[in-house]
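Since the structure comes first, as structure tokens, the remarks are kept for the end.
All of the numbers you see were taken from the coordinates with simple rules; none came from a lab. Values in this document were obtained by computation on a predicted structure and should not be read as measured data. When we count neighbours, we look across all protein chains shown, and the Cβ atoms used for this are built from the backbone with ideal geometry, even at glycine.
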Amino acid sequence: MISLEAPGIFKLGPYGPYKNAVWLFCHEGEAAVVEMPPYNKGRDRQPWRDVGRALKKFDLTLKYALISHAHLDHCQTLMDFRKFFPKTTFVGHRSQAESGLVRRLASSRWSNPAEVFDHVFEGDIQMLHLGREPLYVLHCPKHSQSDQFVIFRGTAMTGDWFLGDLKDCNALVHPGEKIRSVNRVQEWLRRLDYQVSRAFSGHGDCLYHQVDFHRLLEKSKIDHDLVPA
Ligand SMILES: [Fe+2]
Ligand SMILES: [Fe+2]
């Protein structure tokens with residue numbers, strides 16, 4: 001199933017046991033895919049083939065491929081996408097390229113696991129373009145050390161972050177680092193003078209339209225370990 005969720009943003013899926021979405025961001029004939037999840041063999045369609053069909057239908061070239069973070073439900077078919085889209089530039093933060101899971105996935109199917117991404121960025125942010133429209137990739141560990149937001153046309157794709165005053169589903173990142181990540185996102189949006197008005201989860205099960213993103217991020221700074229039960 002494919003649906004247009006926001007200007008230039010399609011959602012495909014859900015796929016696999018964790019019901020993950022695949023996102024297709026597009027502008028002026030160019031596209032980026034975000035998330036490469038597992039699928040139920042024999043029941044689901046293969047997600048990379050669905051992306052291929054959508055590209056053909058909308059006459060798009062797949063310029064970039066990204067994941068929100070290196071957890072299996074978001075990247076298990078990374079190597080299938082690599083094989084199917086040999087001309088696409090796969091982009092990831094250093095924390096994704098060096099994650100044990102990505103290396104394991106790559107080592108069985110790729111001669112050099114260190115080269116599974118064509119472009120690896122080190123700092124906070126990487127600016128890419130689809131047509132003349134910027135696409136920002138922002139490293140922001142909160143749910144995992146390899147979290148990155150993908151921000152495009154006023155929408156932030158926020159992976160598995162729990163936004164607002166909800167307690168995260170794990171404790172993989174230190175509370176202080178989580179708050180630094182929230183501050184980092186706010187600071188970059190301020191510096192870029194960029195308005196985010198929509199926030200979509202990686203799974204596609206939580207879609208905030210017309211949201212006050214700054215306020216949502218402010219509420220996300222709560223340290224649940226310090227809040228009395
Ligand atoms: Fe996750
Ligand atoms: Fe997930």
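Among residues of segment 161-180 that are under 17 Å from Ala70 (Cβ atoms), those with a Cβ under 9 angstrom from a residue that is aromatic (Phe, Trp, Tyr) and within 16 Å of ligand 2 (Cβ to nearest atom), sequence gap 6+ or separate chain, pair up as Trp161/Phe149; Asp168/Trp161; Asp168/Phe162; Cys169/Phe162.
Which ones in segment 128-156 are within 14 Å of ligand 2 (Cβ to nearest atom) and surrounded by fewer than 24 Cβ atoms within 10 Å (Cβ to Cβ)? Don't jump to the end; show me each part of the working.
Restricting attention to segment 128-156, the residues satisfying the condition of being within 14 Å of ligand 2 (Cβ to nearest atom) are 142-144, 146-148.
Selection gives His143, Ser144.
Has segment 105-128 got any residue that is out of contact with any strand residue (DSSP E or B) (no Cβ under 9 Å at 6 or more places or on another chain) and within 16 Å of ligand 1 (Cβ to nearest atom)? Yes, there is a match, as at least one residue in segment 105-128 is out of contact with any strand residue (DSSP E or B) (no Cβ under 9 Å at 6 or more places or on another chain) and within 16 Å of ligand 1 (Cβ to nearest atom). Checking Glu28, Glu35, Glu5 one by one, the residue that is over 17 Å from the mean Cα position of the chain (by Cα) and in contact (Cβ under 8 Å) with a residue 60 or more places away in the chain is Glu28 and no other.
Is it the case that segment 192-200 has a residue that's outside any loop (DSSP other than H, G, I, E, B), closer than 24 Å to Ala97 by Cβ and within 15 Å of the chain's Cα centre (by Cα)? Looking for residues that are outside any loop (DSSP other than H, G, I, E, B), closer than 24 Å to Ala97 by Cβ and within 15 Å of the chain's Cα centre (by Cα), one finds none in segment 192-200, hence no. Tell me yes or no: at least one residue of segment 185-192 is out of contact with any helix residue (DSSP H, G or I) (no Cβ under 7 Å at 6 or more places or on another chain), among the basic types (Lys, Arg) and surrounded by 20 or more Cβ atoms within 10 Å (Cβ to Cβ). No - not one qualifying residue is present in segment 185-192.
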